[in-house]
Amino acid sequence: IMACAAASAIYFLNLRGEVIIYRIYRDDAMRNLADAFRTQILQSKEGPTSLPVRNIAGCNFLHIRCSDVYVLTVTKENVNCALAFKFMYQTVELLKSYFNAFDEESLRNNFVLIYELLDEVFDHGFPQILTPEILKLYITQQGLLTSRDKKTEAVNNKATLQVTGAVGHRREGIKYKKNEVFLDIIESVNLLMSAKGTVLRSDVSGKVLMKCFLSGMPDLKLGLNDKLTLETDGGSRANAQGSGSGKQIELDDVTFHQCVNLGRFHTDRCVSFVPPDGEFDLMKYRITEGVHLPFRVLPIVKELGRTRIECNVKIKSTFGSKLFALGVMVKIPVPKQTATASIQVSSGKAKYAAGDNCIIWKIRRFPGQQELGLSAEIELVSTTQEKKAWSRPPINLEFQVPMFTASGLRVRFLKVWEKGGYNTVKWIRYITKAGAASGGNYEIRCS
């Protein structure tokens, strides 16, 4: 699965290890390799989740699991594993784009279509085209298009141009009555803060999400902040000058969609691209320094004897007074032996959730530059046994702040050029969320 190595076969198996469908591309692979996968990997003590790559009798087995199906690639070559897994995941997404599901039933109901696709995406074991937009031009749900219809021939010709041309992510001839562009900058903030308000760890994971409904073959140009540079020093890094605070912003791990013209970006520092039709992620990035935290929390927890705890939590919004946060939820942990909790809040609603061992404080709308408080008296169940010290788990926040970015990233301009010269309606939105969606959390320690 690289320039000097190829895959021998690809298998789709159910959870019992039975072959649903397979395709052999090279003579060094046989169907009974699936039996080795079932007996040596699925039925082993470690199970299939321990190692996604195994070598058995000189054959390399690389597999993933999606829903109730295992996708298995077998090769005797020393392949690029990351590229092999990328291929398998893209194959799954390709099949989903055709029949909107990926499970054992959908595979059994679409044998003919899957074989056609497997013949296209692999050529003697080497990956080829995996873009659904291109493949759908000449492989339909019913199979390969015939050449009897002139319109069908034109579509096939367009497909050939798409395969060999520079713009493989957008077909020609797209028309809309109303031309619109939606651009969202969505960021997830991860935080670990001490009880005294010291930031122990913080970072932002962001993406620029676009949804384009534009006619023809438009050329878009996006400018972010005042000065945007990209350095290549062991990895990609972008530095941007914040339009609001004037502080330097450092964006790490910047990745672009394949439609972005990187040559133009290095020349004029603007993101220039011909967009795919519909929704796509234009850009992804991270920031680890200069994070603008939307909330600061100050907890004070006092243990009064063996059966009583006092808890006071103050939360302050640091974003502008004209902005507001939605769906703010604060989870304040309490001991497992809690009997009752008397709670008072300055805004919102709070209750003791015994099943989660925490007090849940919900604030539907939290204005900027305001401070709200919660106070609770917690009664514990008295016991004669020696009580273990309470570990005091951290407080967790969930929120969504529209029109605010923790990184300070801003759109300076968004221009659309198309030879038709039509008017375009542009919509730009900023959203900052707590980091749970990206695998992190917005946490404040209580001790």
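The values are calculated or read from the model by the stated rules, or taken from the named source; none is laboratory data. Predicted model, so just to flag it, every value in this text is computed and none were measured. Cβ: placed from backbone, ideal geometry, glycine included. Neighbour counts: every protein chain shown. Heavy atoms of the whole protein, side chains included, go into the accessibility calculation; ligands, DNA and RNA do not. Shrake-Rupley method; radii C 1.70, N 1.55, O 1.52, S 1.80 Å.
When LEU83 is tested against the conditions (1) at pLDDT below 90; (2) in contact with a Phe, Trp or Tyr (Cβ under 8 Å, 6 or more places away or on another chain); (3) not β-branched (Val, Ile, Thr), the lone failure is (2). Of the residues making up the range 209-221, those that are surrounded by 22 or more Cβ atoms within 10 Å (Cβ to Cβ) and aliphatic (A, V, I, L, M) number 3.
Are any residues in the range 341-359 surrounded by 15 or more Cβ atoms within 10 Å (Cβ to Cβ) and aliphatic (A, V, I, L, M), and if so, which ones? Give the derivation first.
Step one: list which residues in the range 341-359 are surrounded by 15 or more Cβ atoms within 10 Å (Cβ to Cβ), which gives 341, 343, 345, 347-348, 350, 352, 357-359.
Answer for the range 341-359, where residues must be surrounded by 15 or more Cβ atoms within 10 Å (Cβ to Cβ) and aliphatic (A, V, I, L, M): ALA341, ILE343, VAL345, ALA350, ILE359.
So, of the residues in the range 111-137 that are touching a Lys or Arg at 6+ places or on another chain (Cβ under 9 Å) and aromatic (Phe, Trp, Tyr), which turns out to be modelled with the highest pLDDT? Checked the range 111-137; the qualifying residue modelled with the highest pLDDT is TYR115.
Residues that are closer than 30 Å to ALA376 by Cβ and not polar (S, T, N, Q): find the strands (runs of 3 or more DSSP E) completely inside the range 255-321 holding 3 or more of those. Talk me through it step by step, then tell me what you get.
Values: elements: 271-273, 278-287, 295-303, 308-317.
By residue number, 295-303, 308-317.
The set of residues in the range 344-371 that are in contact with a Phe, Trp or Tyr (Cβ under 7 Å, 6 or more places away or on another chain) and in a strand (DSSP E or B) comprises VAL345, ALA350, ILE359, ARG365, PHE366, PRO367. With respect to the conditions (1) touching a Ser or Thr at 6+ places or on another chain (Cβ under 7 Å); (2) more than 28 Å from THR432 (Cβ to Cβ); (3) modelled with pLDDT under 95; (4) not basic (Lys, Arg), GLY355 falls short on a single one, namely (1).
Do you know which of the residues in the range 284-328 that are of a type in the set (Phe, Trp, Tyr) and open to solvent by less than 10 Å² (accessible area, probe 1.4 Å) is modelled with the lowest pLDDT?
Pass one, the range 284-328, residues of a type in the set (Phe, Trp, Tyr): 285, 295, 319, 324.
The next check asks that each one be open to solvent by less than 10 Å² (accessible area, probe 1.4 Å); those that pass are 285, 295, 319.
Numbers: TYR285: 91, PHE295: 96, PHE319: 95.
The qualifying residue modelled with the lowest pLDDT is TYR285.
So which pairs qualify, if the first residue must be in the range 279-296 and free of Cβ contacts under 8 Å to residues at least 60 places away in the same chain, the second must be open to solvent by 20 Å² or more (accessible area, probe 1.4 Å), the Cβ gap must be under 6 Å, and the two must be at least 6 apart or on different chains? Final answer for the pair search is GLU289/GLU250. With the structure loaded, tell me whether ARG23 is open to solvent by 70 Å² or more (accessible area, probe 1.4 Å), closer than 23 Å to THR131 by Cβ, more than 22 Å from the chain's Cα centre (by Cα) and not aromatic (Phe, Trp, Tyr) or whether it fails that test. In short, yes. Annotation: GLU93 fulfils all but one of (1) outside any helix (DSSP H, G or I); (2) open to solvent by 70 Å² or more (accessible area, probe 1.4 Å); the unmet one is (1). Of the residues that make up the range 232-243, is at least one at pLDDT 90 or above and over 16 Å from SER407 (Cβ atoms)? No, the range 232-243 contains no residue that is at pLDDT 90 or above and over 16 Å from SER407 (Cβ atoms). Name the single residue that is nearest to ASP28 (Cα to Cα) among those in the range 100-127 being surrounded by 15 or more Cβ atoms within 10 Å (Cβ to Cβ) and aromatic (Phe, Trp, Tyr). My answer is PHE122.
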